[in-house]
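Presented below is the structure to which this report refers.
The values are calculated or read from the model by the stated rules, or taken from the named source; none is laboratory data. Note that the coordinates shown come from a computational prediction; the quantities given were computed from them, not determined experimentally. Cβ placement follows ideal geometry from the backbone for every residue including glycine, while neighbour counts extend to all protein chains displayed. In case anyone asks, the SASA skips ligands and DNA or RNA and just uses the protein heavy atoms, side chains included. Shrake-Rupley method; radii C 1.70, N 1.55, O 1.52, S 1.80 Å.
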Amino acid sequence: MIPYGRQSLDDDDINAVVDTLKSDFLTQGSKIPAFELAIANYVTANHAVALSSATAALHIACLALELSETDIAWTVPLTFVASANAIRYCGATIDFVDINLDTGCICIDALAKKLQEAKESEKLPKLLIVVHYSGISCDMKAIAELCHPYQIKIIEDASHAIGGSYKNKPVGCCEYSDCTIFSFHPVKIITSGEGGMITTNNAPLAEKCQLLRSHGIHKNIKSMCNKNPEPWFYEQQSLGFNYRMSDIHAALGLSQLRKLKTSVHIRNQQAQQYKDALAHLPVKLLQVPERTYSSWHLFVIRIDPNQAINRSKLYQLLIDAGIGCQVHYIPVHTHPYYQELGFAWGDFPIAEQFYQNCISIPIFPALKKQQFVIKTLCDLL
Ligand SMILES: *Cc1c(COP(=O)(O)O)cnc(C)c1O
């Protein structure tokens, strides 16, 4: 079975991990700051904080931005559940903003309308998590302009989008947001096995994230309440977690980062091949806006629902042909947990329409059989 996405590891990656295994530190060593610095430099952000996953990163980012039970936060329904769950971990009230059918990203008009309504009903959110669906950056400038008058904090969930850019700047530079989250799960653009990262230009925010990832413990004398500490002393000042990345993971991530640019370039070539070859088929493809460079984590096609072969049939036929595919995503608000909170089918019609017709086909640098995928799709449709 050809997977829809897969990691690409080479001997350098394996050697980097082996070297770390032979070193003195498997965790809390030098690979973590090295990986953080390399990511910060790559995306041109001032700070980067490595975490055990993007899910942990989203949780910590919400906490560091002081999201609590008395707050409201918004995200989009067309995402992996982790983007929404982070809001719930903080006990905040969640709501969603519908998406744009052409990009799969947050709909700017829907956001403007919802903000106006929220202002009138005095239910403005404290925080908004936007998702760069499939690798396409959201229109961050427009989002920031809409959120700015209400001081709404903005988190970019860029789990799909490392290596992409928006208005000639790398995704993760945080020009229009408080922070950006990346995922290094093996199905994403580069991997550390499991892992995540927060990038930000806000030094106090970065420091809060560092504390929260390691139990809320201070080891720096300057920031301790005890002004005369013994040499072994440390202080827990807030309720943190163990959300640390290990050095083994960081060594892999650091090695993978060297291949990020090439990897995203290959994904763009593969996307172009699909675009050319599928143009005559009754399918709709994602539209990458101007001055946006997608990292093409996913290649999503939307099937005309009036076709004899609809999405469900196509899914089964592709699987039967040995072509792994997936549906991204079941709208978050329709999961039983979120229905329990009061959401229902029909609440976010564009995301639901997108879900009904979408299917993600294989795209990843090590994909050898793209021509076979194309031929199969052409034959079936
Ligand atoms: C994969 C993903 C996550 C979670 O990433 P982990 O590193 O597996 O925790 C969060 N948000 C989106 C949009 C994702 O695709």
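Details
- Given (1) within 15 Å of the chain's Cα centre (by Cα); (2) open to solvent by 40 Å² or more (accessible area, probe 1.4 Å), number of the condition K141 does not satisfy: (1)
- Residue in segment 193-202 that is open to solvent by 30 Å² or more (accessible area, probe 1.4 Å) and away from the ligand (no atom under 16 Å from the Cβ) present: yes
- Residues within segment 327-346 that are open to solvent by 70 Å² or more (accessible area, probe 1.4 Å) and either of a type outside the set (D, E) or outside the structural domain of K375 (by TED's automatic domain parsing) (or both), tallied: 6
- Filter result for the condition that a residue is over 14 Å from L252 (Cβ atoms) and among the hydrophobic types (A, V, I, L, M, F, W, C), over A34, A40: A40
- If only residues of segment 245-287 that are crowded, with 20+ Cβ neighbours inside 10 Å and part of a loop (DSSP other than H, G, I, E, B) are counted, the one that is farthest from the chain's Cα centre (by Cα) is S246.
- Residue within segment 209-222 that is β-branched (V, I, T) and within 16 Å of the ligand (Cβ to nearest atom) present: no
- Qualifying position, being assigned to a strand (DSSP E or B), within 14 Å of the ligand (Cβ to nearest atom) and touching a residue at least 24 places away in the same chain (Cβ under 8 Å), among I162, I189, I154, I129: I129
- Yes/no for I39 being within 16 Å of the ligand (Cβ to nearest atom), in a helix (DSSP H, G or I) and more than 15 Å from F241 (Cβ to Cβ): yes
- The residue of segment 74-123 that is farthest from the ligand (Cβ to nearest atom), among those that are assigned to a loop (DSSP other than H, G, I, E, B) and either touching a His at 6+ places or on another chain (Cβ under 6 Å) or of a type in the set (D, E, K, R) (or both), is E122.
- Filter result for L318 (farther than 17 Å from T103 by Cα, in contact with a Cys (Cβ under 8 Å, 6 or more places away or on another chain) and not acidic (D, E)): yes
- So Y234, is it open to solvent by 20 Å² or more (accessible area, probe 1.4 Å), over 18 Å from A54 (Cα atoms) and in contact with a Gly (Cβ under 7 Å, 6 or more places away or on another chain): no
- Counting the residues of segment 347-365 that are in contact (Cβ under 8 Å) with a residue 60 or more places away in the chain, over 19 Å from the mean Cα position of the chain (by Cα) and open to solvent by 40 Å² or more (accessible area, probe 1.4 Å) gives 4.
- Residue match in segment 47-59 (condition: in a loop (DSSP other than H, G, I, E, B) and more than 16 Å from the ligand (Cβ to nearest atom)): no
- Test result for D178, out of contact with any strand residue (DSSP E or B) (no Cβ under 6 Å at 6 or more places or on another chain), more than 16 Å from the ligand (Cβ to nearest atom) and in the same structural domain as I32 (by TED's automatic domain parsing): no
- Filtered by the rule that a residue be surrounded by 24 or more Cβ atoms within 10 Å (Cβ to Cβ) and within 15 Å of the chain's Cα centre (by Cα), segment 57-81 gives A57, L58, H59, I60, A61, C62, T75, V76, P77, L78, T79.
- Selection of segment 320-362 for residues being closer than 24 Å to I108 by Cβ, outside any loop (DSSP other than H, G, I, E, B), away from the ligand (no atom under 16 Å from the Cβ) and not charged (D, E, K, R) yields T334, P349, I350, Q353, Q356, N357.
- Some residue of segment 16-30 being at pLDDT 95 or above, open to solvent by 80 Å² or more (accessible area, probe 1.4 Å) and closer than 30 Å to L318 by Cα: no
- Any chance G172 is within 16 Å of the ligand (Cβ to nearest atom) and either buried (at least 21 other Cβ atoms within 10 Å of the Cβ) or in a loop (DSSP other than H, G, I, E, B) (or both): yes
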